Amino acid sequence: MSKKINVGNISLSNSSQICIIAGLNVLEDHDITIDVATSLQKITKDLGIPFIFKASFDKANRSSVHSFRGPGLLDGIKIFEEVKKSLDIPIITDIHEISQIEEVAKVVDIIQIPAFLCRQTDLIEAACKSNLPLNIKKGQFLSPGQMINIIDKCSSFGNEDILLCERGTSFGYNNLIVDFLGVSELKETQNPVILDVTHSLQLPGGQGNSAGGRSNQALDLALCGAAIGLAGIFLEVHPDPKAALCDGPSATKLDDFEEIISKIKSIDDLAKSLN
């Protein structure tokens, strides 16, 4: 039986209706955040799909020191508080340092651990003590089986509410590949599994001082994930990906979001009905 993790009125499990985790790669400003969150909420509500809003207040792992990182912790928290107040939707964001956890935990519903930091024991321990569910991204350098060690760490720190997030595996230089046999192996842990479509489409360092991407293949990858029965699909969107301040080449255009998730829902409904 797949483990269920409740976030508000949303039940996340590999056997429940698929949840869409979507939003901006990074908080760019207040207005675009509210506009995007409002649009995503309306689309998912109209389609009857559970929705969690995602955005980062800081992108600490950018390729270049000159890249835009976001508004930072305090200004980011203010924007998240406004999203909560205006729209009353669950929020997920990533943390990079132990010192960020206390403030973040006051406003978000899920804490995300970045892939590069998924084995940092002290960070994992501190995040576990927030008593919030954790979405832990599988490092591009890890096999699926190695995620069991991370689950065990979380269990030892008293947190069993762990989502496992696939975001691609390093495939030579500047490339990622999604191994769906590996995703199936993640499901064997019984923890809810999320497929991060957007970051799996990255070409890390593909533009020299920033990542390239293959946003035109988002639908294909998302449908593959939905077909094997997952807890959630993770998509980053932007009204104009070419103008996005971070990871534009991998982002889905906001205008295309409704078509993509309606097809995800159709495949998910079919896959779950077979079980």
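Could you check, for the range 27-48, whether at least one of its residues is under 24 Å from LYS138 (Cβ atoms) and open to solvent by less than 30 Å² (accessible area, probe 1.4 Å)?
No, the range 27-48 contains no residue that is under 24 Å from LYS138 (Cβ atoms) and open to solvent by less than 30 Å² (accessible area, probe 1.4 Å).
Determine whether ALA60 is under 28 Å from ILE151 (Cα atoms), surrounded by 17 or more Cβ atoms within 10 Å (Cβ to Cβ) and under 19 Å from the mean Cα position of the chain (by Cα).
Spelling it out, it is not the case that ALA60 is under 28 Å from ILE151 (Cα atoms), surrounded by 17 or more Cβ atoms within 10 Å (Cβ to Cβ) and under 19 Å from the mean Cα position of the chain (by Cα).
Mind listing whichever residues of the range 149-164 are in a loop (DSSP other than H, G, I, E, B) and either open to solvent by less than 40 Å² (accessible area, probe 1.4 Å) or not aromatic (Phe, Trp, Tyr) (or both)?
GLY158, ASN159, GLU160, ASP161
Filter the range 3-22 for residues that are surrounded by fewer than 19 Cβ atoms within 10 Å (Cβ to Cβ), outside any strand (DSSP E or B) and on the phi < 0 side of the Ramachandran plot and give the result.
Of everything in the range 3-22, those that are surrounded by fewer than 19 Cβ atoms within 10 Å (Cβ to Cβ), outside any strand (DSSP E or B) and on the phi < 0 side of the Ramachandran plot turn out to be LYS3, LYS4, ASN9, SER15, GLN17.
Would you pick out the residues in the range 217-247 that are open to solvent by less than 20 Å² (accessible area, probe 1.4 Å) and without any contact (Cβ under 8 Å) to a residue 60 or more places away in the chain?
Those that are open to solvent by less than 20 Å² (accessible area, probe 1.4 Å) and without any contact (Cβ under 8 Å) to a residue 60 or more places away in the chain: ALA218, ALA222, GLY225.
Which residues, taken from the range 180-216, are modelled with pLDDT of 95 or more, open to solvent by 50 Å² or more (accessible area, probe 1.4 Å) and either assigned to a loop (DSSP other than H, G, I, E, B) or in contact with a helix residue (DSSP H, G or I) (Cβ under 7 Å, 6 or more places away or on another chain) (or both)?
Listed by number, the residues that qualify are GLU185, GLU188, GLN190.
Write out, first by first residue and then by second, each pair whose Cβ atoms fall under 7 Å of each other, whose residues are 6+ apart or on separate chains, and whose first residue, in the range 34-57, is closer than 22 Å to PRO114 by Cβ while the second is of a type in the set (Gly, Ala, Ser) and open to solvent by 10 Å² or more (accessible area, probe 1.4 Å).
Once the first residue is closer than 22 Å to PRO114 by Cβ and sits in the range 34-57, its partners that are of a type in the set (Gly, Ala, Ser) and open to solvent by 10 Å² or more (accessible area, probe 1.4 Å) give SER56/GLY70; PHE57/GLY70; PHE57/GLY72.
Looking at the range 165-174, is at least one residue open to solvent by 10 Å² or more (accessible area, probe 1.4 Å) and either in contact with a Cys (Cβ under 7 Å, 6 or more places away or on another chain) or of a type in the set (Asp, Glu) (or both)?
Scanning the range 165-174 turns up no residue that is open to solvent by 10 Å² or more (accessible area, probe 1.4 Å) and either in contact with a Cys (Cβ under 7 Å, 6 or more places away or on another chain) or of a type in the set (Asp, Glu) (or both).
Among the residues of the range 132-140, are any farther than 22 Å from ILE10 by Cα and open to solvent by 10 Å² or more (accessible area, probe 1.4 Å)?
yes
Based on this model, can you work out whether LYS78 counts as more than 23 Å from LEU219 (Cα to Cα), open to solvent by 50 Å² or more (accessible area, probe 1.4 Å), touching a His at 6+ places or on another chain (Cβ under 9 Å) and of a type in the set (Lys, Arg)?
Here the answer is yes, as LYS78 does meet what is asked.
What are the residue pairs meeting all of these: first residue in the range 135-156, first residue touching a residue at least 40 places away in the same chain (Cβ under 8 Å) and of a type in the set (Lys, Arg), second residue in a helix (DSSP H, G or I) and open to solvent by less than 30 Å² (accessible area, probe 1.4 Å), Cβ atoms under 8 Å, and 6 or more apart or on different chains?
Once the first residue is touching a residue at least 40 places away in the same chain (Cβ under 8 Å) and of a type in the set (Lys, Arg) and sits in the range 135-156, its partners that are in a helix (DSSP H, G or I) and open to solvent by less than 30 Å² (accessible area, probe 1.4 Å) give LYS137/ALA115; LYS137/HIS199; LYS138/ALA115; LYS138/PRO144; LYS138/MET147; LYS138/LEU186.
The values are calculated or read from the model by the stated rules, or taken from the named source; none is laboratory data. Note that the structure is predicted; figures quoted are calculated from it, not measured. A quick note on method: Cβ atoms are made from the backbone with ideal geometry, for glycine too, and the neighbour counts reach across all protein chains shown. For the accessible areas, the whole protein counts, side chains as well, though only heavy atoms, and no ligand, DNA or RNA atoms are used. Shrake-Rupley method; radii C 1.70, N 1.55, O 1.52, S 1.80 Å.
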